[in-house]
1. Is segment A:262-279 home to any residue that is within 9 Å of chain B (Cβ to nearest Cβ), farther than 23 Å from B:ALA356 by Cα and touching a residue at least 12 places away in the same chain (Cβ under 8 Å)?
2. Could you please let me know if B:VAL244 is crowded, with 19+ Cβ neighbours inside 10 Å and either within 20 Å of B:ALA118 (Cα to Cα) or at pLDDT 95 or above (or both)?
3. Taking the residues in segment A:163-193 that are among the hydroxyl-bearing types (Ser, Thr, Tyr) and at pLDDT 95 or above as candidates, determine which candidate is nearest to B:ILE99 (Cα to Cα).
4. Return only the number of the condition from (1) assigned to a loop (DSSP other than H, G, I, E, B); (2) surrounded by fewer than 24 Cβ atoms within 10 Å (Cβ to Cβ); (3) more than 10 Å from chain A (Cβ to nearest Cβ) that B:ARG436 does not satisfy.
5. Count, please, the residues in segment B:61-95 that happen to be buried (at least 24 other Cβ atoms within 10 Å of the Cβ) and among the aliphatic types (A, V, I, L, M).
6. Could you count how many residues in segment A:419-436 are under 23 Å from the mean Cα position of the chain (by Cα), surrounded by fewer than 24 Cβ atoms within 10 Å (Cβ to Cβ) and away from chain B (no Cβ under 13 Å)?
7. Could you figure out which of (1) among the aliphatic types (A, V, I, L, M); (2) in contact (Cβ under 8 Å) with a residue 24 or more places away in the chain; (3) under 30 Å from B:PRO103 (Cα atoms) isn't true of A:MET246?
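The values are calculated or read from the model by the stated rules, or taken from the named source; none is laboratory data. Treat the numbers as computed from the prediction; the structure is a model and nothing was measured. Positions of Cβ are backbone-derived with ideal geometry, glycine not excepted, and every protein chain shown enters the neighbour counts.
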Amino acid sequence: MKKTLRTALLCVATAAPAVVVPAAGAAAATPDTVIAIRDATILTITNGKIEHGTVLIRGSKIAAVGPNATVAVPAGAQVIDAAGKFVLPGIIDTHSHTGVDGSVNEISLPNTGMVRIGDVLTNEDVSAYRQLAGGTTTALVLHGSANPIGGQSQIVKWKWGHPVSEWPVAGAPRTIKFALGENPKSSNFRPPPGTPLQYPQTRMGVEEVIRKSFTDARDYMARWDEYEGRRKRGETPIPPRRDLLMETMADILRGNIDVHSHCYRSDEIMMLINLANELGFKVREFQHVLEGYKVAKEIAAHGAGGGTFIDWWGYKLEAYDAIPYNVALMDRAGVLTSVNSDSDELARHLNQDAAKAMKYGGLSEDEALRLCTINPAKQLRLDHRIGSIDVGKDADLAIWTGHPLSTYSRVDTTFVEGEIVFDRQRDLQLRKDLAKEKADRLKKEADDEAKKKKDAKKPEEKKDE
Amino acid sequence: MSRRTVALTCAFFAGSLFGQSVVMNNPGRKPAFAIRNATIYPVTSAPIANGTIVFDKGLITAVGANVTIPPGATIIDGTGLSVYPGLIDAGAQVGLTEISSVPGSVDTAELGDINPNARAEVALNPHSNVIPVTRVNGVTNAVVEPEGGVISGSSALVQLAGWTPAEMTIKAPLAMHIHFPRLRTGGGFDDQPQDEEAEKEAKKNYTKSIDKLRDAFRDAQAYSKAAAARRSDTTVKRFDRDLVLEALLPVVDGRVPVVMHANLERDIRAALKFADEFKLKVILADAEDVVRVIPDLKSRSIPVILGPILSLPTHEDDPYDLLFTNAKALYDAGVPFAIQSADAHNARNLPYHAAACAAFGLPKDAALKAITINPAQIFGVADRVGSLEVGKLANVIVTDGDPLEIVTHVKRLFIGGEDIPLDSYHTLLYEKFSKRP
């Protein structure tokens, strides 16, 4: 009984912020919905800072942005007075495991490139909501790093309260997770006694898995080319057997899937760059890339980006040379650099990681802000839609109480595609509602229990008489 | 047993292990410094514009607007800069661990549940690369604590500079750390057991842990009585020494406080009940659910160590800002509190844990106090550290702004009056690879 009640309460709790919302945020913004955020400091990212500015949102898009005087607010628009506040584009996190239903590692083979995160997304992970409360709106959701090729990733927006089918960003590039170093060689976890070790166990083996996978894929593509050629010549060949993993690897070689590779040490970064150059594919983004600063010019020359957490270090041997200056050194060497989280917690304040790039290595305020906005948008090839406050882009943004690079600032309101998906005042009200509902239900349960006891007692008392 | 043995035993009981061993940081060798024209934030009193602070032989000798600088002092011009006391991390593993995944470099948790005789200062590595990294944002002191089992061991308040563990140690044992047993079944929603079998098993293990803890304290009480009897009466039969129980004596005698690490409401309540039973002097730590027990803390005058603040709430239905708002609730209720990083490699982020509380309603000066004077008072070392006051250790930082802001830089840092360079393993690598052709 009690368990059921608690479960019911949880459902209320987690669903509440999405379901019980005021009219303005109850559903996706209709094309006619117009919201004007007035008199804020707007950090456009691509066009500098606008003091006393207005952002006009129409439907899911940014319709106008500029100084107050230049932006006409149409009659009937919902006006948000943001005097003294700051507007920043929604933060983009290129390394997330939020919203994955179950384990992130399909560890059974060294290469599980055929499996897809997009198949196992859940919209019940409260972490998505908590990230909206930190101004984060978009994420690349990846597999874990337990094998050299872990599976295909998914770019999502945290459309809290919407069916999970609406979370993936339509038309976003396909992506896949590679992993190098200690994790895919199982350095920090051992299978239970009696079970065999998983291949690979060395960085040599990691390279071999990736090399063999692409070599096999070339053969696979050749088999299909032969087949198609014979068909074109009017023969009736038996088609090769379709292989979902080989299809995936072939799609990487064809440039249809972007590689995002977990890595730490500079030598393994060089290994993948060399392998990519040799086998004919590109690395889109080195993930974590804690020693990226040691080979920054090589990463830049390959055209890869780098996404990293700025100050995590020392948690394993390959993270011992991780320095918070990594971001500044990579950025200055011409690497397209971002700060990302790999953590439900850190994803709530990536703005602070950006600020740390000013402290460690002396990036400018503009350079720092780009690390969590337009740079990750470019890494995901979505900079035509997100990452800055420009007319025509998705209305993904947050209103901050102060400058987002200040530790004293927090988020008041977050929009995804024009819809208010987080609002602090609404959140505070929902807590009160939830507490009342919980109290009411517990009281009812206690009352029912007392009544049941009383009813049960009565006949007994009569018997005694 | 001879008279001599008795005397030695008594000396031992009164000595450094169970007394408050206080090790000075060789104050005699520290030259005089004066920082002038700076805005000085003593923390325990109002900020001083255009102020001067002087320290000599490791101690602060003058703070104020009109201060005479002694001849021979090295003068630092603080124009446009701010001076604060060094920040104190109220709970950390700095110096006890180097690389988390390499067991040979980790000395944070001893095997077994009952290890009151594990002492943090014994395993402190003064030359750990983590220490200079911790200093970069102004952290000069840490409560370095073990974290294994139930009674994890005793902590030490350390200066984050020194050539030997003894030079670093200001006070040890500082507190006994108990990670109060938790009723956990794993996997179940809201820590509820998944089934009756799991519930039974969890309760059994929980009861066993509590019994073990209670036995340790009862044994220590008995040991204390026996030792006292033997001290006053030599005819009392000799008994073999027990170092585990001896380590608990200052705790059962109320001379050394217990830091009760408990997070959820029922664990906190159980921990408080246990403390009542043995009349322990308690500091509550971690304490995610602290707002639910505020009256219980007030009635017992129990201070709290919050943190890590930049952390996720345990339950799915907890408010997203639960850990950011606890500090404000304690502040409003008048419960003293400090903030910890509960970290090693990123103890340097201590000021940003405090700032997160300020972003959610805690006054900024209260946030600063939570990482300076408050931990000093809570651990009974406010005569040595925690503020810029005459007579205290010269743990001083010079900044270009508010140390709770990430974008602020610490320009100079002094520990025990010693001018500590702000380089580290990280700056070394930065410089090396900045120059890569």
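1. Checking segment A:262-279: not a single residue is within 9 Å of chain B (Cβ to nearest Cβ), farther than 23 Å from B:ALA356 by Cα and touching a residue at least 12 places away in the same chain (Cβ under 8 Å).
2. Numbers: crowded, with 19+ Cβ neighbours inside 10 Å: no; either within 20 Å of B:ALA118 (Cα to Cα) or at pLDDT 95 or above (or both): yes.
In short, no.
3. A:THR175
4. (3)
5. So the answer is 6.
6. Residues flagged as under 23 Å from the mean Cα position of the chain (by Cα), surrounded by fewer than 24 Cβ atoms within 10 Å (Cβ to Cβ) and away from chain B (no Cβ under 13 Å) within segment A:419-436 amount to 1.
7. Here A:MET246 meets the rest and fails (3).
So that you can scan it fast, the table gives a plain yes or no per residue for (1) within 21 Å of the chain's Cα centre (by Cα); (2) within 13 Å of another protein chain (Cβ to nearest Cβ); (3) free of Cβ contacts under 8 Å to residues at least 60 places away in the same chain; (4) outside any helix (DSSP H, G or I):
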position	(1), (2), (3), (4)
B:PRO71	no, no, yes, yes
B:GLY80	no, no, no, yes
B:ASP89	yes, no, no, yes
B:GLY95	yes, yes, no, yes
B:SER101	no, yes, yes, yes
B:ASN117	yes, no, no, yes
B:HIS127	yes, no, yes, yes
